[in-house]
6 protein chains.
Amino acid sequence: MARDRAGVAVCPGSYDPVTFGHLDIIARTAALYERVIVAVVNLPTRKQQTLFSAEERCEMIGAEVEKLGNVQVKSFDRLIVDFAREHGANAIVKGLRAISDFEYEFEMNQLNRKMAPDVESIYMMSSPQYSFLSSSGVKEVATFGGDLTDLVPRAVATRLEDQLKR
Amino acid sequence: MARDRAGVAVCPGSYDPVTFGHLDIIARTAALYERVIVAVVNLPTRKQQTLFSAEERCEMIGAEVEKLGNVQVKSFDRLIVDFAREHGANAIVKGLRAISDFEYEFEMNQLNRKMAPDVESIYMMSSPQYSFLSSSGVKEVATFGGDLTDLVPRAVATRLEDQLKR
Amino acid sequence: MARDRAGVAVCPGSYDPVTFGHLDIIARTAALYERVIVAVVNLPTRKQQTLFSAEERCEMIGAEVEKLGNVQVKSFDRLIVDFAREHGANAIVKGLRAISDFEYEFEMNQLNRKMAPDVESIYMMSSPQYSFLSSSGVKEVATFGGDLTDLVPRAVATRLEDQLKR
Amino acid sequence: MARDRAGVAVCPGSYDPVTFGHLDIIARTAALYERVIVAVVNLPTRKQQTLFSAEERCEMIGAEVEKLGNVQVKSFDRLIVDFAREHGANAIVKGLRAISDFEYEFEMNQLNRKMAPDVESIYMMSSPQYSFLSSSGVKEVATFGGDLTDLVPRAVATRLEDQLKR
Amino acid sequence: MARDRAGVAVCPGSYDPVTFGHLDIIARTAALYERVIVAVVNLPTRKQQTLFSAEERCEMIGAEVEKLGNVQVKSFDRLIVDFAREHGANAIVKGLRAISDFEYEFEMNQLNRKMAPDVESIYMMSSPQYSFLSSSGVKEVATFGGDLTDLVPRAVATRLEDQLKR
Amino acid sequence: MARDRAGVAVCPGSYDPVTFGHLDIIARTAALYERVIVAVVNLPTRKQQTLFSAEERCEMIGAEVEKLGNVQVKSFDRLIVDFAREHGANAIVKGLRAISDFEYEFEMNQLNRKMAPDVESIYMMSSPQYSFLSSSGVKEVATFGGDLTDLVPRAVATRLEDQLKR
């Protein structure tokens with residue numbers, strides 16, 4: 001459907017690293033909104049350490065989304081609802097792949113609406129060919145030396161292989 | 001967030017009858033889009049028969065959404081993606097309450113995208129106070145003579161009680 | 001743990017027919033409470049028709065629970081919370097076997113607490129050997145002529161076979 | 001992996017009608033076993049009535065699996081474990097698409113192993129492009145006049161459209 | 001329902017820190033039983049380290065449950081079933097919020113009943129307004145500087161903010 | 001069913017340590033295939049460190065499967081699909097206990113089929129008495145000094161207790 005795109009959407013995540021699944025959601029969001037901001041979590045949480053720095057993760061996404069024309073990449077270290085508000089976002093957009101995603105996102109959604117009832121989060125279902133794809137799965141495949149061709153962009157695969165050699 | 005609303009959203013469902021949970025999703029959609037069309041399924045499917053006719057269901061919703069100003073109600077008997085396309089909709093919007101909703105909607109999403117890759121469906125998480133609320137639950141409570149005050153609008157409760165007496 | 005049992009518990013269900021899984025939950029409840037009332041749903045709901053009448057279902061349960069000494073069986077055609085209140089019950093007790101049970105019971109729990117905040121429902125996890133056992137599964141096995149020995153009491157198996165011959 | 005195929009597998013289901021998802025599981029089973037018997041449930045269960053007769057369903061599958069060379073189609077009206085035993089099957093093979101499939105199959109698995117501990121059931125995960133595909137979804141799409149091209153074989157689509165016109 | 005409360009219940013957990021969701025379950029348990037012991041896990045498990053010491057966690061709970069009159073707080077470093085037995089508990093009581101809770105608790109339930117068949121565990125469904133609330137979610141919100149007002153008691157919020165500054 | 005067993009199956013896992021649940025799946029697989037290779041993951045993944053070395057884990061399994069006659073144990077540090085291919089395996093066989101298993105295995109299945117479309121993975125449902133049993137649950141019980149008799153073989157229990165004393 002050719003339609004006027006309007007408003008600003010924020011796509012938050014850790015993107016450690018970005019996969020074809022993430023890029024599919026970002027592209028679909030970019031088709032719905034006038035402007036999309038990919039928001040990369042920077043503040044380290046207790047439970048996980050990232051393989052790539054926030055800067056590296058932003059770079060990798062930036063290189064891939066450039067062709068879409070209406071997508072920016074920024075890192076953030078606040079509540080996502082505060083980040084969304086400051087950027088005048090109409091909605092936070094997230095992908096859902098599986099039940100476990102759904103449960104986690106449901107919980108975060110209720111927390112976020114408690115923090116900021118005026119910021120709406122919306123969800124898209126992942127495309128079937130990417131419904132099995134996660135950053136942690138990709139890292140596991142890379143660790144075991146598997147083929148990353150259909151999982152992440154070429155440049156990301158290279159950086160991942162370099163990073164794991166260290 | 002006070003923002004310009006833009007675009008058209010379609011909220012499909014059987015709404016047999018409409019609950020406060022449905023109305024919450026419709027109102028939140030109406031805050032994001034310039035125009036919302038509530039689409040009431042009219043063609044009877046094999047697995048279920050509705051308690052109310054499509055016309056009655058449209059009437060009950062219409063009375064409740066009038067105050068929102070930018071919401072219309074229509075019945076449909078085609079594929080929802082065709083309905084959405086004909087009305088120039090930017091997106092189909094649905095609420096998610098529970099795992100079983102998620103599974104069903106995931107399946108329908110993939111089917112719909114196969115039919116019409118250009119029509120995007122987006123999802124909102126139901127508010128916690130409505131996450132347990134379904135039309136079938138409401139009908140069960142009504143059958144056992146329970147209090148419908150916090151579940152459906154007053155006018156719907158009355159019609160439901162009348163309908164079940166028949 | 002040998003302890004004084006206290007209070008009244010209600011175990012609601014359709015029990016169409018009672019299985020060893022139901023009887024396990026009833027016996028475990030009878031070990032915790034002074035008095036247990038097995039409450040058999042009588043009012044036909046829209047979505048299902050029972051194979052046995054409420055009277056027959058009560059009889060089948062009654063014959064099995066007699067040996068427990070502190071269990072009664074009654075049919076009911078109201079909201080379960082009203083039934084529980086009228087019998088001075090301390091709690092409604094239900095078994096949980098699987099995710100789908102959990103989702104349904106979560107929904108009913110929220111509805112019931114809306115109706116009657118003073119009536120508490122509690123849940124027990126089914127024993128592993130009965131976690132796959134449901135009345136509908138039993139009826140399916142019976143339809144195909146399978147062995148019911150480990151699924152339902154002897155008397156129930158006989159009645160089930162008789163009923164299906166008709 | 002080119003390997004010798006050995007043994008007999010049974011693929012049970014209602015196949016009302018057969019979809020590309022079913023055919024994918026059947027073909028993958030036929031690559032593992034010397035001989036495959038597609039077993040079409042004939043005895044009507046209480047909860048559902050089929051759109052096509054067992055004979056029609058067998059015919060539709062037969063036309064599609066002929067090219068595989070090692071697949072037969074038969075209807076059955078007994079317990080699947082008895083059917084498997086009589087045909088000297090090494091295993092019953094089923095596809096898993098989603099959580100709800102898993103729960104149902106887990107329950108059936110425990111029941112079947114209770115009936116016949118010597119008959120093993122094994123499961124395959126559906127291919128991602130078919131993970132959303134079910135016979136009931138297909139019938140719903142057909143009812144609404146949607147495009148069946150990627151969902152079922154051409155011949156099945158034709159019969160489905162004919163059947164629904166009646 | 002005004003009723004005599006009887007027996008002893010144990011409410012185990014890590015409570016790192018206690019949330020309004022935990023306090024809701026504790027209060028509902030205190031309305032059913034004569035005496036409630038909140039049991040705070042002390043032995044560090046392999047997979048997680050707590051933010052607060054067992055002593056601090058006990059203190060925070062103690063300050064909140066004092067008003068209930070019949071609730072004590074103790075830390076434990078044994079199997080919960082052994083702790084329950086030594087305190088003559090009639091039941092272990094736990095809250096269920098989501099599918100993932102259910103799966104974990106189902107597994108623990110079977111393990112516990114294997115260890116101590118005489119100790120019964122019972123479950124309560126969390127109230128809808130707390131169904132999204134977990135200690136780890138609260139810690140994440142606190143890390144990002146979000147508002148904790150509706151999530152944990154004032155005193156807990158203060159300690160959490162102090163602790164995270166270190 | 002007495003039948004000729006044919007082909008090679010690979011049963012991968014971390015087995016840290018092996019439980020009666022794992023041994024049940026291995027024995028059932030050994031009844032279906034001519035030869036079974038239990039494949040013990042050796043390459044440490046990012047998210048977890050094992051309690052026992054790969055060598056120790058292989059030893060513990062080896063001692064238990066010797067009596068089956070057709071089962072070997074090997075450690076591996078590559079992609080499981082590559083390991084399976086090199087050993088001429090007809091199938092990778094895994095047990096499914098719960099929803100969370102299913103989701104993880106579904107994801108891995110799609111990744112593996114992307115890597116190696118010619119290697120088929122098949123799944124067996126765990127027996128009900130082991131459906132609650134996991135290596136991490138066993139380690140937790142051992143940490144708290146619980147009885148391991150029904151959870152792991154005697155020799156494994158001893159080693160586990162020794163290991164945890166260090």
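The values are calculated or read from the model by the stated rules, or taken from the named source; none is laboratory data. This one's a predicted model, so the numbers in the text were calculated from it and none came from an experiment. When we count neighbours, we look across all protein chains shown, and the Cβ atoms used for this are built from the backbone with ideal geometry, even at glycine. Surface areas here come from the heavy atoms of the whole protein model, side chains and all, with no ligands, DNA or RNA. Shrake-Rupley method; radii C 1.70, N 1.55, O 1.52, S 1.80 Å.
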Single match in A:Asp162, A:Asp118 (criterion: at the interface with another protein chain (Cβ under 8 Å from one of its Cβ atoms) and either modelled with pLDDT of 90 or more or closer than 28 Å to A:Ala6 by Cα (or both)): A:Asp118
Going through the range C:134-155 in order, the residues found to be within 14 Å of the chain's Cα centre (by Cα) and over 30 Å from C:Arg85 (Cα atoms) are C:Val152
Which condition breaks for D:Met60 when tested against (1) assigned to a helix (DSSP H, G or I); (2) under 23 Å from D:Lys139 (Cα atoms); (3) without any contact (Cβ under 8 Å) to a residue 60 or more places away in the chain? (3)
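Listed here are the residues, each with its yes/no results for (1) modelled with pLDDT of 90 or more; (2) surrounded by 16 or more Cβ atoms within 10 Å (Cβ to Cβ).
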{"residue": "A:Arg46", "(1), (2)": "no, no"}
{"residue": "A:Ala54", "(1), (2)": "yes, yes"}
{"residue": "A:Ile61", "(1), (2)": "yes, yes"}
{"residue": "A:Val65", "(1), (2)": "yes, yes"}
{"residue": "A:Val71", "(1), (2)": "yes, yes"}
{"residue": "A:Asp77", "(1), (2)": "yes, no"}
{"residue": "A:Gly88", "(1), (2)": "yes, no"}
{"residue": "A:Leu96", "(1), (2)": "yes, yes"}
Would you mention how many residues in the range B:8-59 are closer than 21 Å to A:Tyr123 by Cα, out of contact with any Phe, Trp or Tyr (no Cβ under 7 Å at 6 or more places or on another chain) and not β-branched (Val, Ile, Thr)? 12
Which pairs do you get when a residue that is touching a residue at least 60 places away in the same chain (Cβ under 8 Å) and at the interface with another protein chain (Cβ under 8 Å from one of its Cβ atoms), found in the range D:70-90, comes within reach of a residue that is open to solvent by 20 Å² or more (accessible area, probe 1.4 Å) and small (Gly, Ala, Ser), reach meaning Cβ atoms under 9 angstrom, with the pair 6+ apart or on two chains? D:Asn90/D:Ala6; D:Asn90/F:Ala6
Inspect the range B:93-114 for any residue being over 17 Å from the mean Cα position of the chain (by Cα) and among the small types (Gly, Ala, Ser) and give the result as yes or no. no
Mind checking which residues of the range D:100-109 are within 9 Å of chain C (Cβ to nearest Cβ) and open to solvent by 10 Å² or more (accessible area, probe 1.4 Å)? D:Ser100, D:Glu103, D:Tyr104, D:Phe106, D:Glu107, D:Met108
Which pairs do you get when a residue that is closer than 16 Å to B:Thr149 by Cα, found in the range C:97-125, comes within reach of a residue that is part of a helix (DSSP H, G or I), reach meaning Cβ atoms under 6 angstrom, with the pair 6+ apart or on two chains? C:Gln110/E:Pro128; C:Leu111/B:Gly137; C:Asn112/C:Val81; C:Met115/C:Val81; C:Ala116/C:Val81
For the subset of the range C:149-158 comprising residues that are surrounded by fewer than 19 Cβ atoms within 10 Å (Cβ to Cβ) and in contact with a helix residue (DSSP H, G or I) (Cβ under 9 Å, 6 or more places away or on another chain), which member is farthest from the other protein chains (Cβ to nearest Cβ)? C:Ala155
All but one of (1) small (Gly, Ala, Ser); (2) open to solvent by 20 Å² or more (accessible area, probe 1.4 Å); (3) in contact with a Ser or Thr (Cβ under 8 Å, 6 or more places away or on another chain) hold for F:Ser136, so report the exception by its number. (3)
Among (1) surrounded by fewer than 19 Cβ atoms within 10 Å (Cβ to Cβ); (2) under 12 Å from the mean Cα position of the chain (by Cα) - the single one F:Val40 does not satisfy: (1)
Could you tell me which numbered condition D:Ile25 fails, if it satisfies all but one of (1) in a strand (DSSP E or B); (2) in contact with a Cys (Cβ under 8 Å, 6 or more places away or on another chain)? (1)
